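Once you've had a glance at the structure underneath, I'll fire off some questions.
The values are calculated or read from the model by the stated rules, or taken from the named source; none is laboratory data. None of the values given here were measured: they were computed from a predicted structure. Note that we place each Cβ from the backbone using ideal geometry, even for glycine, and neighbour counts take in every protein chain shown. Calculation scope for accessible area: heavy atoms of the full protein, side chains included, ligands and nucleic acids excluded. Shrake-Rupley method; radii C 1.70, N 1.55, O 1.52, S 1.80 Å.
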Amino acid sequence: MNNKITTAVAALAISLGLAVPAHGAESLDQLLQEVRKARGEISQENKAREQRFRQARDQQAALLEEVRGELAAQEARTEALQQAFNDNELALEDAEENLRIQQGDFGELFGVVRQVAGDAVGTLSTSLTAAQFQDRTEAPRRLADSKRLPSIDDLDALRVSLMQEMIEAGKVVSFPANIVETSGTPADAQVTRVGVFNLVTGDRFLQYDPDTASIKELARQPQARFQAMAGDLTSASPNEIVGMAIDPSRGSLLGLVVQAPSLGERINQGGPVGYVILALGAIGLLIAIYKLIVLSGVGGRIRRQLKASEPNTNNPLGRILAVYHDNQDIDTETLELKLDEAILKEVPPLERWQGAIKVIAAVAPLLGLL
């Protein structure tokens, strides 16, 4: 009976979550005391756990309150910043309108300055003086790209750049520079600049490439007389005056002169037809020279015959007059026939080779068209 009660009490203790002693109890009273003791310990443990849960809840509530307070503060700060931004926008609009009103005619002046600065950038970057002076376009380029009114220093820098360009345009100076030869090999040379018109070294003409900021030797030099002028200029002593051909177009005319074919190239362009035309021209020239010599001699003898009283048979006029002197006693009709015969006899030698010249003059243009 006691064992059954003990077993029932143990089952009840287990169902209540109480610890049951490992050893068996001697009596029901002792078992009841042990159960009450275990229940008290569990009750104290549950209270401690509940206390910890409440403390954690209070801490989370405090953190939540703190975060809510910080969120409210940030929202208030956001509203203040938004209001400040709106106020600044209005103030900026008022300032820009005030600036526009105060600028007045300075806006138009600024537009003119920017246009002049832009033109100056193009002029200075492509000028031959850029081969000697580098980085002169910084101040004009800054003015051309500026969105605000220029300062006095910026305007003064633009004035100095333009004045330097005008002064250098009237100078003939020599300076050391690195040039690119026709073979593509760089070389150091003493370059002579004639204003803003020509660049030469020795008797060779040079050109400035603004894209690569380099000085290049012309792939083909102009005629020998221009090269001789360049050589005289580079070898001239200070203050010596020498003749020099300049290119007022700053390179355009020199480029055309260089591109113009020489006489030999022009002949080669004609091909076989051109060679035939030249041959015919040479033959016609030789015939013309021959006829010029012959007719000049005949003309001189005829002029001497006009001054002489007696006929001379070394010229056509003298031979015709000799026919007249030899046949003065015959009738007029016979004398006229004899004179006509003498004239007809003298004409063929004088007109010899003229037909060939006429044929050449007619055929050569047709060959040219061919």
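Which of the residues that make up the stretch 256-277 are open to solvent by less than 70 Å² (accessible area, probe 1.4 Å) and without any contact (Cβ under 8 Å) to a residue 24 or more places away in the chain?
Selection gives ALA260, PRO261, SER262, GLY264, ILE267, GLY270, GLY271, GLY274.
Moving on. Can you find even one residue in the stretch 94-107 that is assigned to a helix (DSSP H, G or I), in contact (Cβ under 8 Å) with a residue 12 or more places away in the chain and surrounded by 11 or more Cβ atoms within 10 Å (Cβ to Cβ)?
Yes, because at least one residue in the stretch 94-107 is assigned to a helix (DSSP H, G or I), in contact (Cβ under 8 Å) with a residue 12 or more places away in the chain and surrounded by 11 or more Cβ atoms within 10 Å (Cβ to Cβ).
Please give the number of the condition GLU310 fails out of (1) closer than 30 Å to LEU366 by Cα; (2) not in a helix (DSSP H, G or I).
(1)
Moving on to the next point. Identify all residues within the stretch 210-234 that are open to solvent by 60 Å² or more (accessible area, probe 1.4 Å) and over 20 Å from PHE175 (Cα atoms); write none if there are none.
Hits for the stretch 210-234 are ASP211, ALA219, ARG220, GLN223, ALA224, ARG225.
From the residues in the stretch 80-124 that are touching a helix residue (DSSP H, G or I) at 6+ places or on another chain (Cβ under 9 Å) and among the polar types (S, T, N, Q), which one is modelled with the lowest pLDDT?
Looking at the filtered set, the residue picked out is GLN103.
Only residues that are of a type in the set (Gly, Ala, Ser) and not in a loop (DSSP other than H, G, I, E, B): list them for the stretch 183-203, please.
Initially, the stretch 183-203 is screened for residues of a type in the set (Gly, Ala, Ser), giving 183-184, 187, 189, 195, 202.
Hits for the stretch 183-203 are ALA187, ALA189.
Find all pairs meeting these conditions: Cβ atoms under 7 angstrom apart; at least six residues apart or on different chains; first residue within the stretch 148-163 and free of Cβ contacts under 8 Å to residues at least 24 places away in the same chain; second residue open to solvent by 60 Å² or more (accessible area, probe 1.4 Å) and part of a helix (DSSP H, G or I).
Between residues of the stretch 148-163 that are free of Cβ contacts under 8 Å to residues at least 24 places away in the same chain and residues that are open to solvent by 60 Å² or more (accessible area, probe 1.4 Å) and part of a helix (DSSP H, G or I), the close pairs are ASP154/ARG142.
Within the stretch 131-187, work out how many residues are of a type in the set (Gly, Ala, Ser) and open to solvent by 60 Å² or more (accessible area, probe 1.4 Å).
Residues flagged as of a type in the set (Gly, Ala, Ser) and open to solvent by 60 Å² or more (accessible area, probe 1.4 Å) within the stretch 131-187 amount to 3.
Under 7 Å between Cβ atoms, which residue pairs at least 6 apart in sequence (or on different chains) link something in the stretch 169-183 that is in contact (Cβ under 8 Å) with a residue 12 or more places away in the chain with a partner that is open to solvent by 80 Å² or more (accessible area, probe 1.4 Å) and of a type outside the set (Asp, Glu)?
Short answer, once both residue conditions are applied: SER174/GLN190; PRO176/GLN190; ASN178/PRO186; VAL180/PRO186; THR182/ALA219.
Go through the residues of the stretch 240-248 one by one and say whether even a single one is more than 30 Å from GLY368 (Cα to Cα), surrounded by fewer than 12 Cβ atoms within 10 Å (Cβ to Cβ) and modelled with pLDDT of 85 or more. Reasoning before the result, please.
Taking the stretch 240-248 first, the residues more than 30 Å from GLY368 (Cα to Cα) are 240-248.
Subset that is surrounded by fewer than 12 Cβ atoms within 10 Å (Cβ to Cβ): 240-241, 243, 248.
Among the residues that remain, those that are also modelled with pLDDT of 85 or more are: 241, 243.
Yes - at least one qualifying residue is present in the stretch 240-248.
Now for a different question. Can you tell me which of (1) under 22 Å from LYS171 (Cβ atoms); (2) open to solvent by 50 Å² or more (accessible area, probe 1.4 Å); (3) not charged (D, E, K, R) is the one LEU292 doesn't meet?
With respect to (1) under 22 Å from LYS171 (Cβ atoms); (2) open to solvent by 50 Å² or more (accessible area, probe 1.4 Å); (3) not charged (D, E, K, R), LEU292 is out only on (1).
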